[in-house]
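Here's the structure we're looking at; comments come further down.
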Amino acid sequence: MNDQAQSLRNLVKSQTDSRERNTRIITVTSGKGGVGKSNFTLNFALSLQKRGYKVLVFDADIGLANIDLLMGVSPKYSLYHLLKREKSIWDIIYKGYHDLEFIAGGSGFNDLIRLTEEEIDYFAEQVNELSGYVDFIIFDTGAGLSKETLKFIVAASETIVVTTPEPTAITDAYAIIKMVTSMGHVVRFRLVVNRVTESGEGKYTADKISLVAKQFLNLDIPTLGFVEDDASVSKAVKKQIPFTVAFPASPASRSIDRLAGQFITGEAAAEAPNGAVKQFLSKMMRLLK
């Protein structure tokens with residue numbers, strides 16, 4: 001692990017890819033559990049990386065962190081060890097399939113709301129080390145609006161809300177958007193509808209949420225895309241291999257690939273503001289203090 005940490009440090013210092021990265025921060029959340037949020041996050045990150053972008057996934061699902069399980073990796077260190085100053089940010093970065101880098105959160109995020117001023121500053125200093133190291137930092141948060149999830153939604157550049165066509169999932173997806181907005185926070189939301197049996201079902205689900213958000217919250221909620229319902233997904237989970245890796249030609253994998261392409265080439269491709277990581281940390285720290 002020490003060798004890996006040193007290699008990561010050297011990579012940042014040398015900037016071997018010869019281009020300056022303008023790191024963009026994205027939060028992925030859902031109104032309820034069981035909609036495939038973490039699986040979407042992982043495979044979306046892999047699809048972005050396949051297009052030449054460097055991505056780091058930050059597993060911020062308290063108590064139910066499972067990005068590592070979806071890749072069959074058992075991290076020895078997590079955010080907890082960073083917060084306790086036992087390890088640096090580079091020591092807790094692990095690699096999964098196709099060298100996708102990730103940080104395991106686990107119970108560490110519970111400690112975020114109990115940090116001292118000095119510990120908060122250290123956390124910010126460490127995370128800021130990632131600025132310019134990757135193109136995207138994707139936070140996979142817990143389902144529902146916990147205090148910790150709210151912090152990531154508000155602090156990130158944008159938030160992707162994952163839902164399914166099920167009535168309860170639709171209701172809960174809208175509820176999380178409404179709750180954040182009612183608190184006075186301005187957040188750039190985008191919708192992803194997972195497990196659709198046909199494109200019409202996905203469009204109907206997204207339109208339903210978007211229309212209500214426009215009518216009652218005066219919010220425009222664009223749709224990022226749809227992911228087809230696919231038996232290959234559960235097979236990949238059992239194998240602990242991302243479905244875009246295990247079954248690259250499957251309907252779900254093709255859906256993710258199209259969605260990632262739309263993300264990069266469409267309106268969502270607007271460049272992150274300079275200092276996006278610092279802005280994220282500034283908002284996060286204000287919420288923590």
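Quick notes on this structure:
- Annotation: of all residues in segment 166-184 being surrounded by 14 or more Cβ atoms within 10 Å (Cβ to Cβ) and not β-branched (Val, Ile, Thr), the one that is nearest to the chain's Cα centre (by Cα) is ALA173.
- Some residue of segment 99-118 being of a type in the set (A, V, I, L, M, F, W, C) and surrounded by fewer than 20 Cβ atoms within 10 Å (Cβ to Cβ): yes
- With respect to the conditions (1) of a type outside the set (D, E, K, R); (2) assigned to a helix (DSSP H, G or I); (3) surrounded by fewer than 16 Cβ atoms within 10 Å (Cβ to Cβ); (4) more than 22 Å from the chain's Cα centre (by Cα), ALA249 lacks only one, and its number is (2).
- Counted residues, segment 134-154 - those being surrounded by fewer than 23 Cβ atoms within 10 Å (Cβ to Cβ) and among the aliphatic types (A, V, I, L, M): 5
- Which numbered condition LEU56 misses (of (1) part of a loop (DSSP other than H, G, I, E, B); (2) at negative phi): (1)
- Every pair of residues 6+ apart whose Cβ atoms lie under 7 Å, when the first sits in segment 24-38 and is under 20 Å from PRO242 (Cβ atoms) while the second is assigned to a loop (DSSP other than H, G, I, E, B) and among the acidic types (Asp, Glu): SER38/ASP61
Residues checked against (1) under 15 Å from the mean Cα position of the chain (by Cα); (2) surrounded by fewer than 23 Cβ atoms within 10 Å (Cβ to Cβ); (3) at pLDDT below 85; (4) of a type in the set (S, T, N, Q):
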{"site": "ASN2", "(1), (2), (3), (4)": "no, yes, yes, yes"}
{"site": "LEU8", "(1), (2), (3), (4)": "no, yes, yes, no"}
{"site": "ILE26", "(1), (2), (3), (4)": "yes, no, no, no"}
{"site": "LYS32", "(1), (2), (3), (4)": "no, yes, no, no"}
{"site": "ALA45", "(1), (2), (3), (4)": "yes, no, no, no"}
{"site": "ALA60", "(1), (2), (3), (4)": "yes, no, yes, no"}
{"site": "LYS84", "(1), (2), (3), (4)": "no, yes, yes, no"}
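- Residue count for segment 239-271, restricted to those that are more than 16 Å from GLN49 (Cα to Cα), at pLDDT below 95 and of a type outside the set (A, V, I, L, M, F, W, C): 3
- Scanning segment 186-200 turns up no residue that is touching a helix residue (DSSP H, G or I) at 6+ places or on another chain (Cβ under 8 Å), outside any strand (DSSP E or B) and among the basic types (Lys, Arg).
- Positions within segment 209-238 being farther than 17 Å from THR163 by Cα, assigned to a helix (DSSP H, G or I) and in contact (Cβ under 8 Å) with a residue 40 or more places away in the chain, in sequence order: LEU217, VAL237
The values are calculated or read from the model by the stated rules, or taken from the named source; none is laboratory data. As the structure is a prediction and not an experimental result, all values here were calculated from the model. Methodologically, a virtual Cβ is constructed for each residue, glycine included, from the backbone with ideal geometry; neighbour enumeration extends over all protein chains shown.
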